[in-house]
Amino acid sequence: MTWLSDFTWLSNFTWLPDLTLLDSVILLISSFLGSLLTAALGVGGGAFLIAVMASIVPPLALIPAHGVVQIGSNGARAWLSRSHFNSTIFYAFSLGAILAAVASVFLMGLFDVSWIPIGVALFILWLSWAPVPESTRPRSRGFLFTGGAVTTLATMVFGATGPLVSAWLGRANSDRWSYTANFSACMTLQHVLKIFAFIWLGFEFIEWLPLLGMMIAAGYLGTKVGLKLLGKIPEAVFKQVFRWVLTALAIKLLWNAVS
């Protein structure tokens, strides 16, 4: 039997500690698809990516590794849509996010990392089925400041808070390109702050950088493809399918945790 017909070597190839080459390939594909989804539909890619990562990446590395990849994905999207950027929205949101990031450094030590996959699974189920209302009130500085603080605290624990940020930014009140630019800029800042917080807490990123770098590159390609599809995918039908995909991934995480 030749190596072309025997794929057991995939499970034996060590790419990173606790990861195989097959795991790494799955993460690269997921990074591409997650970025494509967010660019094309406005939200959802981060939740999809962390649901996949939570079944592969060790709990201690899950949130910071996801944050690094999301910096690349959201940063690329923010750059490619920069002509639609609104600095007033960003600065108000960022002030709350910065204060929350500082506070989170003192709160993170209270959590047992072994519970992170369970928390992520429950959070994804909530995002999938609970109503997350669009903001209909004016986007005042105080309102955006509160959104920056609340969602940044949430992302330190659950990672994928894109739908919450989307609700605070008032997606329903923006054209797609303005929403994409502002959402991407705010999410980029949020993930950058998260990385600094985890560095402060002592997380070692060095051994993860090769894989994370390739995931960022895959995410950039996904963003390029997704922006070309912006406004062309029938959102209502896709959201129903996507909801069940996220639900299946979350149930798998819970099953793994229990078993």
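What to note about this one:
- Of the residues Leu211, Leu193, the single one that is crowded, with 19+ Cβ neighbours inside 10 Å, in contact with a strand residue (DSSP E or B) (Cβ under 7 Å, 6 or more places away or on another chain), in a helix (DSSP H, G or I) and at pLDDT 80 or above is Leu211.
- Of the candidates Ile98, Ile89, the single residue that is of a type in the set (Val, Ile, Thr) and more than 19 Å from the chain's Cα centre (by Cα) is Ile89.
- Index of the failed condition, Gly202 passing every other in (1) among the small types (Gly, Ala, Ser); (2) buried (at least 19 other Cβ atoms within 10 Å of the Cβ); (3) in a loop (DSSP other than H, G, I, E, B): (2)
- Contacts under 7 angstrom Cβ, first residue in the stretch 164-178 being closer than 18 Å to Ser128 by Cα and of a type in the set (A, V, I, L, M), partner modelled with pLDDT of 75 or more and surrounded by fewer than 20 Cβ atoms within 10 Å (Cβ to Cβ), 6 or more apart: Leu164/Ala154
- Hits in the stretch 29-59 (condition: β-branched (Val, Ile, Thr), assigned to a helix (DSSP H, G or I) and touching a helix residue (DSSP H, G or I) at 6+ places or on another chain (Cβ under 6 Å)): Thr38, Ile50, Val52
- Scanning the stretch 74-89 for residues that are in a helix (DSSP H, G or I), out of contact with any Leu (no Cβ under 8 Å at 6 or more places or on another chain) and not basic (Lys, Arg) turns up Asn74, Gly75, Ala76, Ala78, Trp79, Ser83, His84, Ser87, Thr88.
- Tabulated pairs, the stretch 50-63, first within 17 Å of Ile29 (Cα to Cα), second at pLDDT 85 or above and among the hydroxyl-bearing types (Ser, Thr, Tyr), C-beta under 6 angstrom, 6+ apart or interchain: Val52/Ser30
- Those residues of the stretch 11-21 which are modelled with pLDDT of 80 or more and assigned to a helix (DSSP H, G or I), in sequence order: Leu21
Matching residues to (1) among the acidic types (Asp, Glu); (2) more than 17 Å from Pro163 (Cβ to Cβ); (3) at pLDDT 80 or above; (4) surrounded by 15 or more Cβ atoms within 10 Å (Cβ to Cβ):
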site	(1), (2), (3), (4)
Leu99	no, yes, yes, yes
Leu110	no, yes, no, no
Ile124	no, no, no, yes
Ser128	no, no, no, yes
Val132	no, no, no, no
Arg137	no, yes, no, no
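- Scanning the stretch 103-124 for residues that are without any contact (Cβ under 8 Å) to a residue 12 or more places away in the chain and under 30 Å from Ser140 (Cβ atoms) returns a single hit, Phe106.
- Qualifying residue in the stretch 22-35 (condition: more than 29 Å from Val258 (Cα to Cα), surrounded by 19 or more Cβ atoms within 10 Å (Cβ to Cβ), at pLDDT 80 or above and in contact with a Lys or Arg (Cβ under 8 Å, 6 or more places away or on another chain)): yes
- The single condition among (1) among the hydrophobic types (A, V, I, L, M, F, W, C); (2) closer than 19 Å to Thr188 by Cα; (3) crowded, with 24+ Cβ neighbours inside 10 Å that Val120 does not meet is (2).
- Every condition in (1) at negative phi; (2) at pLDDT below 85; (3) of a type in the set (Gly, Ala, Ser) holds for Gly42 except the one numbered (1).
- Qualifying residue in the stretch 164-182 (condition: closer than 20 Å to Ser31 by Cβ and at pLDDT 80 or above): yes
- Residues located in the stretch 64-99, provided they are without any contact (Cβ under 8 Å) to a residue 60 or more places away in the chain and of a type outside the set (Val, Ile, Thr): Trp79, Ser87, Tyr91, Ala92, Leu95, Gly96, Leu99
The values are calculated or read from the model by the stated rules, or taken from the named source; none is laboratory data. Source: prediction; values computed, not measured. Here Cβ is always computed from backbone atoms with ideal geometry, including for glycine, and neighbour counts include all displayed protein chains.
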